[in-house]
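Here the structure is laid out as C-alpha cells; the discussion comes afterwards.
The values are calculated or read from the model by the stated rules, or taken from the named source; none is laboratory data. Model, not experiment: these values are computed from the prediction. Cβ placement follows ideal geometry from the backbone for every residue including glycine, while neighbour counts extend to all protein chains displayed.
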C-alpha cells in the first residue's frame, strides 16, 4: 500500500525525501522487446573471460574452507598480495596496510565519506560527475562545490583560482575520475595531475582518485595515475586516496574493488566496514586472487580493449553520419563512454521520443549537481554489439527528428563542438 504526504516514520534527515539513481530508473525500459541501450555503464557480457574465471573458481574451491568461511575485513591476504602486484605494474608501490578490499569501489567511497566527511563539510567534485558519487555526497550532507571540465579533464587552473581567492575555505576532499571519466570520457593530462597534487599538498585536502577504467585504453599514450605521480610532488602521497575495481575489466559480478589510502585512513575505513558487511565475499575474493595470480587478466585485457575501440569508432562514425553538425562530442581514447550534446532539445525530452523508437541513453542532467546542461547526454558503447550500435544511432536520429517536429526549441551551452 503506497502513501502520499508526510511519512508516518521518523527517518533520518538524508532519507526523509531521498532520490534514487537516475540511471537505474532507466532499467525498466531494458526489458522491453527490441530495446537498444546506450544507457548503463555495463561491460560487454560477451567479453567476459568465462573459461578463465571458471578455472579460477575451480582452483579457489579446492580450499573450500578459505572461500566458504568468513574472511578478514580488509580482504583475503592472497588477494591483497595480488592487488599489490597489480598496482606495482601500474607504477604504484603500496603496503598491505594501505590496501583495503571492498565490495566494489563504490563501497570504498561510502566508507571514506563515513570516516572523513561531516555534514556541512565542503567537498569538491568535477562536473559533470558520476551520479552515484553525487548521491553519496548528498546523503552524507556534504556541501558540494563543482568544478568545470573540458576535453582534458578537470580545470585545475579554475580550482587554483578558487582556492587562492578564499571563496572555498578548507575543502575536505576533491573527487575525480581522471582517466576516461564517467561521463565525459576525458583524461586529465599529466601536467594537470601534477598541478592538482601540488594544490592538495598546499591546501591540505584529499584527492580521491576513482580509477575503474584506466586499463581500458585503446588509443593515445598512457598517463600515470595521480597516485603514481605522488612520487614527483613532495608531501602529496598522504593526500591521495585511490579506488580501483575489477568490475569493468573482469566481471562486475565478482564485486571486487579496493582502496589504497594512507594507513591512518585505511584503518578507520576497515573499522567502518566491520559494521557494514564484516567482510567482502571470500568466495569471489578467492576467485579473483586465482584469476590474477595466473595472469588471466593480463592476457584477456587486449581482447576487451580491441573490441571497445571498434565499438567506439563505429559509434562516433555513426553519430557524425546520422546527426552531423547537430551533435558535438569528444571522442575518447579509452573507457566506455561518449559524452555529447545535441542541438535543439532538452535531452530528457529527447529520451521520451527515443524510448518510442526503442533506444535509450542517459540524459546529462543526471550528472550535474548544479548549473545543468539540459542538452547533454551520455552514450555507452561497451555493452551493445556493433550492429546494435549502428541501428541504435539510426533510431536516435529518428527520435531527434520526431522531437524537433514536436516543437523542441534550441538550447545553448558552453560545451565545445569538437568531434
task = Could you pull out the residue among 260, 249, 271, 226 that is more than 30 Å from residue 304 (Cα to Cα) and not assigned by TED's automatic domain parsing to the domain that holds residue 306?
result = 271
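Collect the residues in the stretch 236-259 that are closer than 21 Å to residue 171 by Cβ and in contact (Cβ under 8 Å) with a residue 40 or more places away in the chain, keeping them in residue-number order.
239, 240, 241, 242, 243, 259
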task = Determine whether the stretch 379-390 contains at least one residue that is at pLDDT 95 or above, in a strand (DSSP E or B) and buried (at least 20 other Cβ atoms within 10 Å of the Cβ).
result = yes
query = Residues of the stretch 116-139 being within 20 Å of residue 240 (Cβ to Cβ) and either assigned by TED's automatic domain parsing to the domain that holds residue 340 or under 17 Å from the mean Cα position of the chain (by Cα) (or both), which ones?
reply = 124, 125, 126, 129, 130, 133, 136, 137
query = In the list 289, 369, which residue meets the criterion of being outside any strand (DSSP E or B) and either without any contact (Cβ under 8 Å) to a residue 12 or more places away in the chain or not assigned by TED's automatic domain parsing to the domain that holds residue 85 (or both)?
reply = 369
inquiry  = When you scan the stretch 315-323, do you find a residue that is touching a helix residue (DSSP H, G or I) at 6+ places or on another chain (Cβ under 6 Å), more than 30 Å from residue 237 (Cα to Cα) and not in a helix (DSSP H, G or I), even just one?
reply    = no
message = Considering only residues that are under 21 Å from the mean Cα position of the chain (by Cα) and closer than 13 Å to residue 229 by Cβ, which ones fall in the stretch 177-213?
response = 178, 179, 188, 189, 190, 192, 193, 196, 197, 207, 209, 211
key: Counted residues, the stretch 203-222 - those being touching a residue at least 40 places away in the same chain (Cβ under 8 Å) and either outside the structural domain of residue 117 (by TED's automatic domain parsing) or in contact with a strand residue (DSSP E or B) (Cβ under 8 Å, 6 or more places away or on another chain) (or both)   = 12
ask   = Is the stretch 214-227 home to any residue that is touching a helix residue (DSSP H, G or I) at 6+ places or on another chain (Cβ under 9 Å), within 27 Å of residue 373 (Cα to Cα) and part of a loop (DSSP other than H, G, I, E, B)?
value = no
note = Among 142, 200, the single one that is at pLDDT 95 or above, in the same structural domain as residue 109 (by TED's automatic domain parsing) and over 29 Å from residue 84 (Cβ atoms) is 142
query = Which pairs do you get when a residue that is at negative phi and outside the structural domain of residue 220 (by TED's automatic domain parsing), found in the stretch 152-173, comes within reach of a residue that is outside any loop (DSSP other than H, G, I, E, B) and modelled with pLDDT of 95 or more, reach meaning Cβ atoms under 9 angstrom, with the pair 6+ apart or on two chains?
reply = none
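Every residue, every condition in (1) touching a helix residue (DSSP H, G or I) at 6+ places or on another chain (Cβ under 8 Å); (2) buried (at least 17 other Cβ atoms within 10 Å of the Cβ); (3) part of a helix (DSSP H, G or I), yes or no:
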{"position": "111", "(1), (2), (3)": "yes, yes, yes"}
{"position": "136", "(1), (2), (3)": "yes, yes, yes"}
{"position": "159", "(1), (2), (3)": "yes, yes, yes"}
{"position": "164", "(1), (2), (3)": "no, no, yes"}
{"position": "167", "(1), (2), (3)": "no, no, no"}
task = Return yes when residue 90 is outside the structural domain of residue 304 (by TED's automatic domain parsing), surrounded by 16 or more Cβ atoms within 10 Å (Cβ to Cβ) and within 23 Å of the chain's Cα centre (by Cα) and no when it is not.
result = yes
query = What is the residue count in the stretch 324-354 for residues that are assigned to a helix (DSSP H, G or I) and at positive phi?
reply = 1
